[in-house]
Structure formats: structure tokens, C-alpha cells
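Written below as C-alpha cells is the structure these notes are about.
The values are calculated or read from the model by the stated rules, or taken from the named source; none is laboratory data. Quantities reported herein were computed from a predicted structural model and do not represent experimental measurements. Cβ: placed from backbone, ideal geometry, glycine included. Neighbour counts: every protein chain shown.
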Amino acid sequence: MQHVSLPNLRPVRYKGGISLVARKDKPTHQCTRCYKPWWPENLRPVFSESCPDCFGQLRRLTKDDPLITE
Ligand SMILES: [Zn+2]
């Protein structure tokens, strides 16, 4: 018998890839270089304006300036 325990991940599509996340709320930031979406808890206070992945500059997402997906 095989028992696989996986968190309930959902895909968040962004330009250039897909992030699998266990959360349902929308990301608050997007990297302007690699386009990955981020949530406040992902960001380190000291470097809150840079991408944890590529250190590109982050952009705050708003209704008028939503996530870039393509
Ligand atoms: Zn990045």
C-alpha cells in the first residue's frame, strides 16, 4: 500500500513558469527579472525589494498592475 502525503498545492502561472504553492491568496509581489510571484512571508525584511531567487527588483502587485503571466 502506498501512502503519499502531499500538501494541497495549486499552480500559479507566471511569465516563464509555474509556481506550486500551498496557499490560496494572491501574490503581493512579482520579480521584474524572473517574473516569479512572491508573498510577504517569502521576502526577507532586509531585502524586501529584491527577489529571493535571482535578486532582481520586485514590483508590488496591484489591481491596476497585476501579475504578468505572459
Ligand atoms: Zn527573480
Condition first: in contact with a Ser or Thr (Cβ under 8 Å, 6 or more places away or on another chain) and either surrounded by fewer than 16 Cβ atoms within 10 Å (Cβ to Cβ) or farther than 23 Å from Asn8 by Cα (or both). Now tell me which residues in the range 35-50 satisfy that. Trp39, Pro40
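This table checks each residue for (1) assigned to a loop (DSSP other than H, G, I, E, B); (2) more than 9 Å from the ligand (Cβ to nearest atom); (3) more than 22 Å from Asn8 (Cα to Cα); (4) not hydroxyl-bearing (Ser, Thr, Tyr).
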site: Pro27; (1), (2), (3), (4): yes, yes, no, yes
site: Gln30; (1), (2), (3), (4): no, no, yes, yes
site: Arg33; (1), (2), (3), (4): yes, no, yes, yes
site: Pro52; (1), (2), (3), (4): yes, no, yes, yes
site: Phe55; (1), (2), (3), (4): yes, no, yes, yes
site: Leu58; (1), (2), (3), (4): no, no, yes, yes
site: Lys63; (1), (2), (3), (4): yes, yes, yes, yes
site: Ile68; (1), (2), (3), (4): yes, yes, yes, yes
Leu20 passes all but one of the listed conditions (1) modelled with pLDDT of 95 or more; (2) part of a strand (DSSP E or B); the exception is number (1)
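Limited to the range 35-50, what total is found for residues that are in a helix (DSSP H, G or I), of a type outside the set (A, V, I, L, M, F, W, C) and within 15 Å of the ligand (Cβ to nearest atom)?
Total meeting the criteria: 1.
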When the range 14-36 is examined, which residues are found to be touching a residue at least 40 places away in the same chain (Cβ under 8 Å), under 9 Å from the mean Cα position of the chain (by Cα) and closer than 14 Å to Glu70 by Cα? Tyr14
Go through (1) at pLDDT 90 or above; (2) aliphatic (A, V, I, L, M); (3) part of a loop (DSSP other than H, G, I, E, B) and name the single condition Val4 misses. (1)
Give me the pairs, please: first residue somewhere in the range 51-70 and of a type in the set (Gly, Ala, Ser), second residue anywhere and surrounded by 12 or more Cβ atoms within 10 Å (Cβ to Cβ), beta-carbon distance under 7 Å, and either six or more positions apart or on two chains. Gly56/Cys31; Gly56/Thr32; Gly56/Arg33; Gly56/Cys34; Gly56/Ser50
